1. Right, Glu168: buried (at least 17 other Cβ atoms within 10 Å of the Cβ) and closer than 30 Å to Asp95 by Cβ or not?
2. Please tell me if Glu234 is within 23 Å of Trp324 (Cβ to Cβ) and loosely packed, with under 15 Cβ neighbours inside 10 Å.
3. (1) modelled with pLDDT of 95 or more; (2) closer than 12 Å to Asn368 by Cβ; (3) near the ligand (Cβ under 10 Å from one of its atoms): which one isn't true of Lys43, the others all being true?
4. How many residues, within the stretch 118-145, are open to solvent by less than 30 Å² (accessible area, probe 1.4 Å) and part of a strand (DSSP E or B)?
5. Search the stretch 311-351 for residues being in a strand (DSSP E or B) and over 21 Å from the mean Cα position of the chain (by Cα), and hand back the single one that is farthest from Ala201 (Cα to Cα).
6. Is at least one residue of the stretch 121-140 within 15 Å of the ligand (Cβ to nearest atom) and of a type in the set (Phe, Trp, Tyr)?
7. In the stretch 263-280, what residues are open to solvent by 20 Å² or more (accessible area, probe 1.4 Å) and either of a type in the set (A, V, I, L, M, F, W, C) or more than 21 Å from Ser208 (Cα to Cα) (or both)?
8. Kindly provide the set of residues from the stretch 171-202 that are open to solvent by 20 Å² or more (accessible area, probe 1.4 Å) and in contact with a Lys or Arg (Cβ under 7 Å, 6 or more places away or on another chain), ordered by number.
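The values are calculated or read from the model by the stated rules, or taken from the named source; none is laboratory data. Every value quoted in this text rests on a predicted model; they were computed, and no experiment measured them. Every residue, glycine as well, gets a Cβ built from its backbone with ideal geometry; the counts of neighbours run over all protein chains shown. The area values use the complete protein model at the heavy-atom level, side chains included, leaving out ligands, DNA and RNA. Shrake-Rupley method; radii C 1.70, N 1.55, O 1.52, S 1.80 Å.
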Amino acid sequence: MDNTEIYDFVVIGGGLFGSYAALHCAKLGHKVCLIEREDALFKKASVVNQARLHAGYHYPRSVATARMSDDNKARFTAEHKEMVFADFDKYYAIDKHSSFTDNRQFQRFCEFLDIQCEPVNNHPLFNYDRLEAVYKTVEHTFDPFLIKNRYKKKLEEEKKITLKLSAEITRVERGSSENWILHVSQGDKSSKINCSAAINATYAGTNSILGLFGFEEWNLQHEISEIGLIEAPEIAHLGLTVMDGPFGSIMPYGKSGLLSISSVAYTHHKISYANKPEFDCMQKTADCAPSQLADCNSCPAQPASNIKKMTAQMSQYFSKPIDWKHFKSLFTIKSKLKSSHIDDGRPTEIRQFSEKPYFYGIFAGKINSIYEIEKVVKI
Ligand SMILES: Cc1cc2nc3c(=O)[nH]c(=O)nc-3n(C[C@H](O)[C@H](O)[C@H](O)COP(=O)(O)OP(=O)(O)OC[C@H]3O[C@@H](n4cnc5c(N)ncnc54)[C@H](O)[C@@H]3O)c2cc1C
């Protein structure tokens, strides 16, 4: 007996973008299957990030990315109110040495975007020997774990969506009636899915899925990245991002009471310029390979933490010693478009690759751009 399951849409990747895409398709009336290779949703970039609800400030060299962040911010905030944390003072500052942006450029950029940027010339906490300029800004954080819980619940409640965890597509065929036939393995079971449309939302896994469906790869590069979570009571209600080059940033990690810390120089442990991530640590683990990416958080070959370097770097921007307590670090693969080195932009790319059967690819640059899918998937 043929036990092929039939869906309108299959969404591959259960991070925020895949979860949102699945809900969007269900809202359009489709029967959807969401396939995630891990044993739970949201184990990768959608929780391992700095939780910055981008308002534009972070991209002084990419007006397009800055505009897209600002455009989506109001709707994201309104629809995720209980998951957004705003009760802290957020500063952007320019390092006196080696910055790609200076204070005049940064102010001009903020004026152009019409985002608040108020010079702060004598804040007692900041070290003005290192900082050329400090600006009070308006930028909030989202709580990745609260967002995960919200989307998990929404997916469980949506009757039109079937969730397959610990599942992977092993082979793809084009069917004879404008459909895809997907061969899926889930634990020791294997099954077949027949669908008329598929959405790739696998972020670091993007090019493996494109390969399976027979489409050209996107030009990506990948970095094994560390986000440090720290306690520092004297600055718990403060965020500081130092622009624009190999500097760093701290800000509340949503509503957790912790600060996240990242550094352009120390967050990224290893870089792969191959279109599919290739790292030497993959040799040490049985379940991780360029086309089968495991979870760096539970990986025995995870790099040693750079937290001491990150806190030492950020300490230079404060006028007094900060008592940084390392709570834990989260690791994942950060992926970006190779072209992003030109302007450090992080656009979210959503593309339709084929019609009848339909195939769409999402490559997400930042969390609050989830709505971009609505502009492309309309069938
Ligand atoms: C270190 C870091 C800092 C960041 N900071 C910020 C920030 O402050 N603000 C911001 O807005 N954005 C930030 N980002 C970007 C943001 O986190 C990502 O754009 C976003 O989380 C991507 O979401 P996603 O759902 O596409 O990917 P993910 O959350 O990675 O989800 C992809 C899912 O696909 C699954 N998958 C992969 N391959 C397969 C396969 N073959 N079959 C089935 N499932 C598969 C994975 O297991 C995963 O669950 C940051 C990213 C990183 C890594």
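1. no
2. yes
3. (2)
4. Here the count works out to 8.
5. Phe318
6. No, there is no match, as no residue in the stretch 121-140 is within 15 Å of the ligand (Cβ to nearest atom) and of a type in the set (Phe, Trp, Tyr).
7. Val264, Ala265, Tyr266, His268, His269, Ile271, Ala274, listed by residue number.
8. Scanning the stretch 171-202 gives Glu178, Ile181, His183, Gln186.
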